[in-house]
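To start, the structure itself, in structure tokens.
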């Protein structure tokens, strides 16, 4: 890719910011990443990533994009001890009371703690000759051209000594999490804020690292159990590096997993199937139980703005922040960077408008999956949108088929992994298989009722 500018600045050294630095390194002579936290030399959780101690999923498309940007990254992770999982063969995935068929989908998932994954990604970025990461620095106000039409840099404060500095930039990319700085910058510069959309979901996560006995769950490297009944509770158990598991318990709509160890495990006992419950009972919790609260999904519609300053982009969670239950965040950040890479290849003219237009349909797909899955929960009110209500109604027949049919389970996994669009579930072949599987399920259910009556 040809160089289109001298200097780009990325605000935030999370997954989105690191991937942004990699993409920008192709288009700008130098790239500087500004991070508020002190970045440890190893895989430590940090304050700026409050969800970092909880389970994280890198979906198939996100994994593919990262390996394209960093060839050999998968082997780096294997060498570091992450868990490689044959999805869905080594996965117990239960959604709305339906457990997907155990099939080999052809996708290998990497399971790691969020700090471990971020640490190895940061190491790869640090090896890029034209990228510098500066930690313990606060991003302040933007530097603006005389006519207010372009961001030309950013002011920062070094948290270690209070020194103030102005950094000139051809492009500033803000990847500072859900709150972000761009909406307030737009206010101060006389631009409109983007419209915001979201759904209140009121989730409380509590997680702990647990050491299970060897071979306690020989067939399951990942267990997820979504909400089916009231009270709305869910569980996720991921094998990660270091022969450990992360156990995350989730409460919706006012439900909270307890903070104490006994109560925490009692909460799990109300959700976990017998084999998982036995493994947890024989395991040992390591360290403290961590808490993360998430009130609502949030999407900012930058693509609808008539005016936006040149030299600025908002990306990552500041563009769209999804329910963490579905593990889409890191993958959607990677998709955004793949789109940005394509836009940069066309130059910097109208970059923001082109990027937001191009990334919108990608976010639409992930957003729709979240809205449908949330809508299927018993405590969630029906959507005002007829298409969404129809999609929610169609979910259970799809899940019934995915319990029984290899092709449907594989297609559903690819859709959830953001490899395929949701429309893949409505291809004639898949629709036919869904119909056949549901007919067989109905016959099985009727047979069971008749047998019970005879007894």
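The values are calculated or read from the model by the stated rules, or taken from the named source; none is laboratory data. Model, not experiment: these values are computed from the prediction. Cβ placement follows ideal geometry from the backbone for every residue including glycine, while neighbour counts extend to all protein chains displayed.
Observations on the model:
To keep it simple, each residue is scored yes or no on (1) under 17 Å from residue 13 (Cα atoms); (2) over 25 Å from the mean Cα position of the chain (by Cα); (3) at pLDDT below 95.
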site	(1), (2), (3)
152	no, yes, no
158	yes, yes, yes
161	no, yes, yes
170	no, yes, no
178	yes, no, yes
181	yes, no, yes
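- Any hit, the stretch 369-383, residues being within 30 Å of residue 23 (Cα to Cα) and without any contact (Cβ under 8 Å) to a residue 60 or more places away in the chain: yes
- Scanning the stretch 324-336 for residues that are more than 17 Å from residue 357 (Cβ to Cβ), under 8 Å from the mean Cα position of the chain (by Cα) and either free of Cβ contacts under 8 Å to residues at least 24 places away in the same chain or outside any loop (DSSP other than H, G, I, E, B) (or both) gives 324, 326, 329, 330, 331, 333.
- Yes/no for residue 103 being more than 25 Å from the chain's Cα centre (by Cα) and either buried (at least 18 other Cβ atoms within 10 Å of the Cβ) or more than 30 Å from residue 404 (Cα to Cα) (or both): no
- Extreme residue, nearest to the chain's Cα centre (by Cα), among residues of the stretch 337-349 that are surrounded by fewer than 19 Cβ atoms within 10 Å (Cβ to Cβ) and in contact (Cβ under 8 Å) with a residue 40 or more places away in the chain: 345
- Residue within the stretch 311-323 that is in the same structural domain as residue 24 (by TED's automatic domain parsing), at pLDDT below 95 and closer than 15 Å to residue 55 by Cα present: yes
- Strands (runs of 3 or more DSSP E) (entirely within the stretch 23-113) containing at least 3 residues that are touching a helix residue (DSSP H, G or I) at 6+ places or on another chain (Cβ under 8 Å), in the same structural domain as residue 329 (by TED's automatic domain parsing) and within 27 Å of residue 210 (Cα to Cα): none
- Unmet requirement for residue 21, which otherwise passes all of (1) closer than 19 Å to residue 316 by Cα; (2) surrounded by fewer than 18 Cβ atoms within 10 Å (Cβ to Cβ); (3) in contact (Cβ under 8 Å) with a residue 24 or more places away in the chain: (2)
- Just one residue in the set 128, 58, 77, 69 is free of Cβ contacts under 8 Å to residues at least 60 places away in the same chain and under 22 Å from residue 13 (Cβ atoms); that residue is 77.
- Subset of the stretch 196-233 (residues that are over 21 Å from residue 285 (Cα atoms) and either in contact with a strand residue (DSSP E or B) (Cβ under 7 Å, 6 or more places away or on another chain) or not assigned by TED's automatic domain parsing to the domain that holds residue 290 (or both)): 196, 197, 198, 199, 200, 201, 202, 203, 226, 227, 232
- Every residue from the stretch 123-150 that is under 15 Å from residue 189 (Cα atoms) and either in a loop (DSSP other than H, G, I, E, B) or under 29 Å from the mean Cα position of the chain (by Cα) (or both): 140, 141, 142, 145, 146, 147, 148, 149
- Check on residue 94, touching a strand residue (DSSP E or B) at 6+ places or on another chain (Cβ under 9 Å) and within 19 Å of residue 416 (Cα to Cα): yes
- Which listed residue, of 190, 106, 177, 153, is in contact (Cβ under 8 Å) with a residue 60 or more places away in the chain and more than 18 Å from residue 34 (Cβ to Cβ): 106
- Selection status of residue 399, under 30 Å from residue 321 (Cβ atoms), surrounded by 13 or more Cβ atoms within 10 Å (Cβ to Cβ), in contact with a strand residue (DSSP E or B) (Cβ under 7 Å, 6 or more places away or on another chain) and not assigned by TED's automatic domain parsing to the domain that holds residue 332: yes
- The set of residues in the stretch 252-292 that are crowded, with 17+ Cβ neighbours inside 10 Å and either part of a helix (DSSP H, G or I) or touching a helix residue (DSSP H, G or I) at 6+ places or on another chain (Cβ under 8 Å) (or both) comprises 257, 264, 265, 267, 268, 272, 276, 279, 280, 289, 292.
- Residues of the stretch 111-135 that are under 30 Å from residue 233 (Cα atoms), crowded, with 20+ Cβ neighbours inside 10 Å and out of contact with any strand residue (DSSP E or B) (no Cβ under 6 Å at 6 or more places or on another chain): 114, 116, 117, 118.
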